[in-house]
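Structure record follows, encoded as structure tokens.
The values are calculated or read from the model by the stated rules, or taken from the named source; none is laboratory data. The shown structure was predicted, so the numbers you read here are calculated from the model rather than taken from an experiment. Here the Cβ is made from the backbone with ideal geometry for all residues, glycine too, and neighbour counts use every protein chain on show. Side chains included, ligands, DNA and RNA excluded: accessible areas come from the protein's heavy atoms. Shrake-Rupley method; radii C 1.70, N 1.55, O 1.52, S 1.80 Å.
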Amino acid sequence: MKTVASLNRRVVFASCLVALGCGGDDIRSSEMTSDAAVAGLDAAVSDAAVSDAMVPEPPFPFVRCENPGDPLPALVEDRSVYDQDTLEVPEIRLTVTDLEAFALVNADDDPHVPKHTVPVLFQEGSFGEGLTAPNGTLKARGHASLGSAQQNYKVKLTSKTTLWNGQREINLNKHMGDRTRVRNKTAFDILQTVPHLTSARTRFVHVFINDDDYGLFTWIEELDKRFLRSHGLDTDGQLYKTAHWHFEPIDPAIVADYNPTNYYDSMDYYVEDKANEDRAKLMRMVDALDNEDLKVDTIIDTYFNRENLITWLAVNVLVNNLDTVTQNFYLYSPSSCEGWYILPWDYDGAFDFYTRGGRESSLDRWRSGLSNWWRSRLFRRFFTVPANVEAIETRILELQEGVLNDAIVDEKFASYHDIVEAYISAEPDITHLPGHDDEDGPAAAIAVWNAELSRITTTVTKFSAEFFEVIERPMPVFMSFTLQSPLKFRWNNSYDLQQDPITYDFQISTTTLFEAGDIVEEQLGLTDRTTTVPSLPAGTYYWRVFILDNVSATSYQLPYDPYEEIVIP
């Protein structure tokens, strides 16, 4: 049964749709060398404590807890930090003399091995003016973007105190996968106004390397100890970047190993330390989540901030930022507290990214709504309390009525339009813009770019509507089978957010289409999570389960894998 609050919110949502229309260091060597220079620079840019001389202590009082186990106070940041950023596009000039090493940087395509680095002279305006020797190192950055025709780059300055724009690590993003080139900046500019979350500084920049024009990039602030300081957060607090982590327990041997030889057996594979590492503190939160005897609300009130968690989920629903289950967010804990806030990161896959170019979405059914986050132990447990789901519903509507709606997205796009178009309509960017070819030329590519901007302006309304449409669907499951006699099939428990009864329809088919004439075995309305089939003739088959909450014909769910193959010898 639906709660009264849940039904009322659907009425408010419908009304909402109607209303909306729904001077650098003095390094003076005249030459840049490779091996020795890289070794020296790598040593110079090791992660040391931030100098107190770098940025004056802000007057903004960061969150503190009287006792470590106290509930986390509301997350607030010093948002005056954003006042220094404008839509002016500065020229960044990078000089690299070791062209062989630079070629290796551009060839990097594996995110799980150390990236090549090369000495670089970084200059912008008066920063680095007059220098002739390198003042930093350059490497490729990113994961899926590595190996693209146009790379993303990271510059790490040698000096710990002579910084560019308050930054020692300078992220230069090309956003090759984003045909608009503005998704990430749009999100972070909007996040500057969203309560209970932090944002990050961003600017468009024009990059030259060895005087060759590399076109338009977006600089985004590095989240590290300097970020904590400049945003009025606790510089002694813990900050982790997630990578491949479902909030599941991590092997104690991995937690204890600070010098792993294999990336896949290291903490960095799961979470990367960005400031003041405290693995024991992080694992206390994980152990609590793993303790099924503890009520989830007790865990949330001890180890998280409810408003921060709800708002982060609601924002990701509204902008359709799906790749945030195991990565693309940070965890921050003030030094005097036991709990953790989620900080946003990486939105170039947001704003209806998966249907770009007019294509139909190839995403699995479970990627719609809250089921997208069901694989994470944190969110899985959080969603099992109906009041928590209702709080997310409420926050979605509040954000739409306030700081995150189609009109605000459209306003941001309009403010960037002419600036971005001036760069991407020229070389080198135009050649790599979707829609460009020799026959139709640049005009076709710009038409594609404009069409994409126009299409995703309605993202917030679209995915708010989808959220309320799919909220009745049960959660997805994993499947497995045993090739023996009899054949045994099993799947884990699904869950219905409204706690409606769930049944499972089991099918075996000779094709992946599961059409009526292809079904060789069918068992409907199962309530158990296992079933058996005596035998099948030799051949290849496919099996699946439909997950039904028996409320409506459309409120069904499919497993994480839409089917599994069975080969009978």
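Our coupling estimate for region 126-142, obtained by passing each phi through the Karplus curve with A = 6.51, B = -1.76, C = 1.60 and θ = phi - 60°, is 7, 6, x, 4, x, 6, 10, 10, x, 10, x, 10, 10, 8, 6, 10, x Hz, Gly and Pro reported as x.
Only one residue of L87, T158, I566 has its Cα farthest out toward the positive end of the dipole of the chain, where Lys and Arg carry +1 and Asp and Glu -1 on Cβ, and that residue is I566. Sorted largest first, the principal axis extents computed over the alpha-carbon atoms of region 478-539 equal 42, 26, 17 Å. Ranked from largest, the principal axis spans of the Cα set of region 260-328 equal 39, 33, 23 Å.
Heavy atoms of the protein chains alone define the surface here; on that basis the chain has 42 Å² accessible area per residue at 1.4 Å probe size. Taking all protein chains as shown and a probe of 1.4 angstrom, Y270 keeps an accessible surface of around 50 Å². Ranked by the mean number of other Cβ atoms within 10 Å of their residues, highest first, the peptides 504-517, 152-165 fall in the order 152-165, 504-517.
The lysines within cross-link reach of K115, meaning a Cα-to-Cα straight distance under 17 Å and a gap of 8 or more places when in the same chain, are K139, K154, K156. The chain: percent of C-alpha pairs farther apart than 42 Å? Value for the chain (Cα pairs over 42 Å): 28 percent. Around the Cα centre of region 292-351, unit charges on the Cβ atoms of Lys, Arg, Asp and Glu (plus for the first two, minus for the last two) sum to a dipole of about 120 debye.
Each Cα pair under 8 Å and six or more residues apart adds its sequence gap; the mean of these over the residue count of region 406-478 is a relative contact order of 30 percent. Put the Cα centre of region 516-548 next to the Cα centre of region 269-313 and the gap is 39 Å. Every Cα-Cα pair of region 205-337 was included, and the share exceeding 24 Å stands at 42 percent. Per-peptide packing, taken as the mean over residues of other Cβ atoms within 10 Å, places 216-229, 235-248 in the sequence 216-229, 235-248 from highest down. Near G339: Cβ cut-off under 9 Å, other residues only, Lys/Arg at +1 and Asp/Glu at -1. The net charge is -3.
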